[in-house]
Structure formats: structure tokens, C-alpha cells
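Read through the structure below, which is laid out as C-alpha cells, and then see the notes.
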Amino acid sequence: MSTLIPVLKKVKELAEVPEEQLAWIEERGELLTIKNGDFLFKKGDSMDYLFIIFQGKFSIKVEQGSQFRNVGGFEPYSITGMLPYSRAVAARGYADSIGDSEVLRLHKDHFRFMITHHEELTTALVHIMSTRIRSFTKLEQQNDKMMALGKLSAGLAHELNNPSAAVVRSARILKKHLSLLPRNFKNVIKIRMSDEQVDSVNNLLFTKIEEGVKSLTLMEKTELEDEIAEWLEQQGMEDGYEMAENFADFGFNGDDLQLISDQVPEVDMLPVINWINQNLTTEKLVNEIGEASQRINDLVRSVKSYTHMDRAPEKQPVDIHEGINNTLTMLNHMTCPLC
């Protein structure tokens, strides 16, 4: 009995193959010794041989960019390389030996005879190929999922960065702004105005706040800011242009400024203007924090819905419109700027 048949029998897939068919492999095969660090095959090598590993291990690596990634390996008494009916043409990775290895190789030119005369051997090798295909398909699917997850994570990080940065920035400015209130409070309580005058200014201010920030063209906003800044400087405000942006954002116009002039005594004008500006600034910052926080909340909600987080595994009715909106929310960073 051939000395290699007991070794071939240790290969799980060949354990039930008749010995005469294993002897046929031995007769036509070539026994190789692969030194530690040498390659059984390299990327691009023609797939001409079936390999049966008797001794040693092989690490399988593929190139990704300028780096190598380990995707698996082969243990003793395993089979790799070309298989019957395989359409593989060239190796897609590298198999380097870990320690000295002993391998039996069989050229693919013998496959036609094997398929015709050795049914059990052919069946065993085809089974290996089908298992290889399933494993490769699963690996490809996992890689695709990881790539998709990476893109989604990068997109979400990009989408979350802007609102989270806005929250931090607005909160910092608001804290600094509120720290000025005690100093300005002294000037406010000195104001001498009648109830009617206070109500007129109050109604104007909170009507503007309720209406919210106006949507103006650049030209409209610039003209309005210039008008307001000129009026503020006439009232003795040193930072008129800085305040003018706030007033313009909330739609203050010449009529509103005239109402303030009519109702507020000249001696109280500066503290009243400062008080109005403080309220507008606070409202603006709170709105920015609210909008940014809502954006973050929408993104988190969309992710939970998109990934079915916190849901039972059973099938459930879904709102297709909500699903589309959630997807668009997450993929907003990919919107084409020309579309």
C-alpha cells in the first residue's frame, strides 16, 4: 500500500474516497516542500494546481490599497487551489507558509480523466468547491456590509458634527451673554417709563420674537442693517453695527425704530436698546440650540428606524413614506449639489 494513502485519508473530505482513487492522485501528484515564509501561490498566479496540505500552515492575505489584510488560512490536511469545474483563472491573494510545509499538488490537466473515471473523488472535490463558494460569498457580503456601514458611519458623523458643533458654540456664546445680565440689570431698574410706554415696547419686542427670524435676501438684509446701525449710532450706541444684525434678523424696520423713539425717554434709550438686544440674542441662541438638537434627534430616530433598533424580530407593518424620509435624513450628506 502506498505510503501516502494513510496521510490522504486524514483529509476529512477524502476519508471516504476509495483507496485506488487516492493512489491515482499520488501517482500523478508532485510532493513539494515549502520553506517558512515562501509562497504556495501569489496574487495573479495562474490557477493550474490542486494543493493538498500534509504538513504546515498557510496564511491567506489580500491587498487593500497599500496594505495586506489577513482573510484566513489553511491548516494541515486541507485542500486548496484549483478544483474540478472551477472557473478561477488566477489567484486573488497570497498564501505564505508559516513554518516549513509539505504539499501534494496535482495539475489541472488530470481533471478530465478524474471526472470521467473517479466519481467519488470528483464528488468530494466538488463539495469542497461549493463550500468554498459559500464561504467566499459570505465573506464578500460581510465586506460589503462593513463598507456600507463605514460609509454610513462617516456620513452620520458628518451630519452630526454640524449640529453638535452648533449646540456647543451657541451654548458657549449664550453663557457669555448671560454673564452680562447682572451688569446691565443695574441700568434697567433705573428706567423711568410709564406702563403704557413699557407695554408698547414690550408688545413690539415679543411680536418680533413670536414671528421669528426673517428670511431676507442679502441685499434686503444689508440695507436694513445699514438703516438700523445708523439709527443706533444716533442714539449713542458704540457697537451699532454689531447690534444691527440682531434687529435686522427679527425684521425691525424704520417704523419700529420710530415707535421706540416715541415711547422711550432719551435718558433711558441706551438701557432699553441693550435690553431689547439681549432678548433678541437670547432668543436667537436658544433657537439655534433647539434646531441643532432637533437635527441630532431626527438623525438618531432615523438610524433607529433604519436599523430596526429596539424592535421585535417579527415582521411588522411599516410606513413606506416614513422609511423613505428616514433614509433621506441619514443620507442627506450625499445629496448632489447640482440636483
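The values are calculated or read from the model by the stated rules, or taken from the named source; none is laboratory data. Here the structure is a predicted model, which is why all the values come from computation and not from measurement. Positions of Cβ are generated from backbone atoms using ideal geometry, with glycine treated the same way; all protein chains shown enter the neighbour counts.
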Which of (1) in contact (Cβ under 8 Å) with a residue 24 or more places away in the chain; (2) farther than 21 Å from residue 176 by Cβ is the odd one out, the single condition residue 281 does not satisfy? (2)
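Only residues that are farther than 21 Å from residue 135 by Cβ and part of a strand (DSSP E or B): list them for segment 91-111, please. Spell out the reasoning first.
The initial filter retains those residues of segment 91-111 that are farther than 21 Å from residue 135 by Cβ, namely 97, 99-102, 104-111.
Scanning segment 91-111 gives 97, 99, 100, 101, 102, 104, 105, 106, 107.
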Residue check: is residue 73 surrounded by fewer than 16 Cβ atoms within 10 Å (Cβ to Cβ) and assigned to a strand (DSSP E or B)? yes
Condition met for residue 135 (assigned by TED's automatic domain parsing to the domain that holds residue 63, within 16 Å of residue 60 (Cβ to Cβ) and free of Cβ contacts under 8 Å to residues at least 40 places away in the same chain): yes
Checking the condition in contact with a helix residue (DSSP H, G or I) (Cβ under 6 Å, 6 or more places away or on another chain) and either in contact (Cβ under 8 Å) with a residue 40 or more places away in the chain or on the phi > 0 side of the Ramachandran plot (or both), which residue from 98, 128, 53 passes? 128
With (1) at pLDDT 90 or above; (2) in a loop (DSSP other than H, G, I, E, B); (3) among the aliphatic types (A, V, I, L, M) as the list, and residue 88 as the residue in question, which single condition is left unmet? (1)
Looking at the structure I just gave you, is residue 41 over 19 Å from residue 114 (Cβ atoms), touching a Leu at 6+ places or on another chain (Cβ under 6 Å) and assigned by TED's automatic domain parsing to the domain that holds residue 132? no
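Among 166, 91, 95, which is the only one that is in contact with an Asp or Glu (Cβ under 7 Å, 6 or more places away or on another chain), of a type outside the set (Lys, Arg) and within 30 Å of residue 33 (Cα to Cα)? Please lay out each step first, then the result.
Values: 166 fails: within 30 Å of residue 33 (Cα to Cα); 95 fails: in contact with an Asp or Glu (Cβ under 7 Å, 6 or more places away or on another chain).
It is 91.
Within segment 112-122, how many residues turn out to be surrounded by 15 or more Cβ atoms within 10 Å (Cβ to Cβ) and part of a helix (DSSP H, G or I)?
If we filter segment 112-122 for residues that are surrounded by 15 or more Cβ atoms within 10 Å (Cβ to Cβ), which is where we start, we get 114-115, 118, 121-122.
With the extra rule that they be part of a helix (DSSP H, G or I), the set shrinks to 114-115, 121-122.
Result for segment 112-122: 4.
Only one of these is under 14 Å from residue 118 (Cβ atoms), in contact with a Lys or Arg (Cβ under 8 Å, 6 or more places away or on another chain) and not in a helix (DSSP H, G or I): 50, 32. Name it. Explain how you work it out, then say what you get.
Details: 32 fails: under 14 Å from residue 118 (Cβ atoms).
None of the other options fit; the residue is 50.
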If residue 158 passes every condition in (1) surrounded by 11 or more Cβ atoms within 10 Å (Cβ to Cβ); (2) at pLDDT 75 or above but one, which one does it miss? (2)
Are there any pairs, at least 6 apart or on different chains, whose C-beta atoms fall under 6 Å, with the first in segment 234-259 and on the phi > 0 side of the Ramachandran plot and the second outside any helix (DSSP H, G or I) and surrounded by 12 or more Cβ atoms within 10 Å (Cβ to Cβ), and if so, which? 251/214
Being of a type in the set (Ser, Thr, Tyr) and surrounded by 11 or more Cβ atoms within 10 Å (Cβ to Cβ) is the filter; apply it to segment 128-152 and report the residue that is farthest from residue 74 (Cα to Cα). 130
Log entry, pairs with first residue in segment 1-27 being part of a helix (DSSP H, G or I) and at pLDDT 90 or above, second being exposed (fewer than 13 other Cβ atoms within 10 Å of the Cβ) and of a type in the set (A, V, I, L, M, F, W, C), beta carbons closer than 6 Å, six or more apart or on different chains, reads 9/15
List the number of the failed condition for residue 269; all other conditions in (1) closer than 25 Å to residue 213 by Cβ; (2) modelled with pLDDT under 65 hold. (2)
